Structures are given as C-alpha cells and as structure tokens.
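Report on one structure; see the data block that follows.
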C-alpha cells in the first residue's frame, strides 16, 4: 500500500485550487471530500491511503489523517475563495503544524525539483491507443462495451488465462467508462472483514459511492475475501475486475465457490478472452483476440451454472475462433495448438463448412 506525501509543487497547486473551488457545503464530510479533490485523488483512495504505513521517504511531507482532518476543519470555518493567498497558505501550513514561511522554505529546499509527487498519481496508466475497439474482439467486445456503459450497478469480470490480455481490457474498459461515469480505481488488497482496517476500508468506499462514484475498478479476484467484497460493492455501483478463468461458466463457478452464503445475484457479465497467433504471425502482425461475452439478469449467473453442460463452457470462444479462421485472421492449426483436445471435441460436435476439417 502506498502512503501519501506532498511536496512543494503539490502544496502550491492545492492552495491555488482552494482559491477557485469550494466544497459542496460546509459539512465536515463535504470538506473532507473537497480536500481529496483538491489534491487530485478520489476520496475513497485518498482516505484509505492516509492511514497507510509511512516508510522513510524523501518525496515530501507525509499526508496523515490528522492533517487531513485539520484541513477539513479549516475549510468548515473559512471560505478560502474570499481569502488572500498568503492567508490561505497560513491556514494550510497550520494544518500541517508549521508556520507558513518555514513550511514553504522546507518544502522548496527539499522537494522543489521533484515536480508533481508520484505518490499522488491516480491514473490507469498510459497506453498508446486507449480504446476498447483497438483490441479487437468483434461483436463480443461491442456487447461488453454497451453492457458496462448502460449498467447502473453490477459485477463485470474480464477472464482469461495468464497472458491473455485481460488486464489491458480492464484498463481500457475503465478508460471507456470514465467518459460516461465517475470511476475510481481501488488499488489495494481487501482487508479482512470484521477488523478495524476492514471497517475503515468499507467506510472509505461508501464515502466514494455517496460522493458520486458510480464505477469502481478492483484488483483481480483471487480469494473469497475479494469475491465477497466485489459482490457487496456491485450491489451499489458498477464494478470491473479480472479473474483467472477459462470461460464465463468457470468464472461463475469460481465466484460461487468463493462467495459461500453470499448471493451471486450482482454478477451481471463476464467477458472471456484469449490471444492466438495471427495467420501471418511470422510476418510480425502479432496476435488475434478471440472473445466470448455472457450477460445476465439479476441472479441469472447462478441459473446459467445449473443449466449449461460443463463441457460446452468454452464453446463461445471456440465459435469466435472459427469466425477468425474464416476471416483469415488466424489458422486452424494455431487454435488447435492452444486448446488441444477440447477444441477437437467442439469441432466434432459442431459442423464447420467454412473451414477445412481438422486432421
């Protein structure tokens, strides 16, 4: 977990934003959220990271909970938009326990060359072409994009094996949603239920929902704790995450196993993907995505698990692979090499007049 530090440039920008932006009201809650906003971070992450362990760092002064509380209290008591810059700076420095001149001198002499502090960064990462369409996926990707855009709540999972590109799809899905919704990335492991840390974590997330966040991006679901938290949050907002699974059906099965005694009703969509060598891979054209997307109504995922034969769980991917073969994007040999006997079983069950038989 990354603690928060502020340096000379951060404080200059923070004081400047206080001059032109006001909290929604003078309540302590609104002022706490405003402090986070003026530092450029969503409140849930800001609040939680203020409580993180603070190892030695030369990137600035630690931003602690007591400091944030003091800043919020100052905002409750003062309209910063009506104050001179020197007075605003005095109040901010006092919240950190400093006199204004000594505060800025210390920050300038120790951190002025650092620019924007990297611990305050909250980005999904730079990508050359941050669009979902650029990844491929055809009609399945289009269906996924429409589903997450129109959703008001629900858990949406990108699944695939290691190296299938699911993290990239998650990242670009978040960037796509950010065009329509307020999106927050939760970059921390989920703490245990029933602990003080777990209670603070859930409270921070709920503040985010109350503050207008309508979509959250979570780390990969790897444990029962992760699954239970994702389902809990999905009843309140749109949740995007990833999971290591080979199909929508296996994803449902894993979430059900992880979430004992917790309804899987909020699981509304699973996008399954894998990457195959393209037909002209030797020429350097890279890989081709094959995809499947399963969309559910409330609690429909559980019904799918009980109704669909297990041996057909990857049929959606295989059908897309056949389409890619027919379009000349990959070859039958490439698909058979990756999926082996299970794909041969699909070929035996499903007529494929558009491609040559598999030897």
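The values are calculated or read from the model by the stated rules, or taken from the named source; none is laboratory data. Computed from a prediction, not measured in an experiment: that's the story for all the values here. Here Cβ is always computed from backbone atoms with ideal geometry, including for glycine, and neighbour counts include all displayed protein chains.
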Confirm whether residue 358 is buried (at least 16 other Cβ atoms within 10 Å of the Cβ) and either at pLDDT below 85 or touching a strand residue (DSSP E or B) at 6+ places or on another chain (Cβ under 8 Å) (or both). no
The lone exception for residue 229 - which of (1) under 16 Å from residue 271 (Cα atoms); (2) buried (at least 24 other Cβ atoms within 10 Å of the Cβ); (3) under 15 Å from the mean Cα position of the chain (by Cα) it fails: (1)
Condition first: at pLDDT below 90, under 21 Å from residue 146 (Cα atoms) and assigned to a loop (DSSP other than H, G, I, E, B). Now tell me which residues in region 213-237 satisfy that. 213, 214
Among (1) under 18 Å from the mean Cα position of the chain (by Cα); (2) closer than 29 Å to residue 319 by Cα; (3) in a loop (DSSP other than H, G, I, E, B), which single condition is residue 240 missing? (3)
Which one is surrounded by the most Cβ atoms within 10 Å (Cβ to Cβ) among residues in region 296-305 that are on the phi < 0 side of the Ramachandran plot and modelled with pLDDT under 80? 305
Residue 200 under 27 Å from residue 290 (Cα atoms) and either assigned to a helix (DSSP H, G or I) or touching a strand residue (DSSP E or B) at 6+ places or on another chain (Cβ under 9 Å) (or both): no
Could you check, for region 331-338, whether at least one of its residues is part of a helix (DSSP H, G or I), crowded, with 22+ Cβ neighbours inside 10 Å and either modelled with pLDDT of 85 or more or under 22 Å from the mean Cα position of the chain (by Cα) (or both)? yes
Looking only at region 192-200, decide whether some residue is surrounded by 19 or more Cβ atoms within 10 Å (Cβ to Cβ) and in contact with a helix residue (DSSP H, G or I) (Cβ under 9 Å, 6 or more places away or on another chain). no
Sole exception among (1) in a helix (DSSP H, G or I); (2) within 27 Å of residue 154 (Cα to Cα); (3) touching a helix residue (DSSP H, G or I) at 6+ places or on another chain (Cβ under 6 Å) for residue 325, by number: (2)
Members of region 286-303 that are touching a strand residue (DSSP E or B) at 6+ places or on another chain (Cβ under 7 Å) and closer than 28 Å to residue 154 by Cα: 289, 290, 291, 292, 293, 294, 295, 296, 301
Qualifying positions in region 313-345 - farther than 21 Å from residue 136 by Cβ and in contact (Cβ under 8 Å) with a residue 12 or more places away in the chain: 313, 342, 344, 345
Could you tell me how many of the residues in region 150-166 are surrounded by 15 or more Cβ atoms within 10 Å (Cβ to Cβ) and in a helix (DSSP H, G or I)? 1
Based on what the data block shows, is residue 125 assigned to a loop (DSSP other than H, G, I, E, B) and at pLDDT 80 or above? no
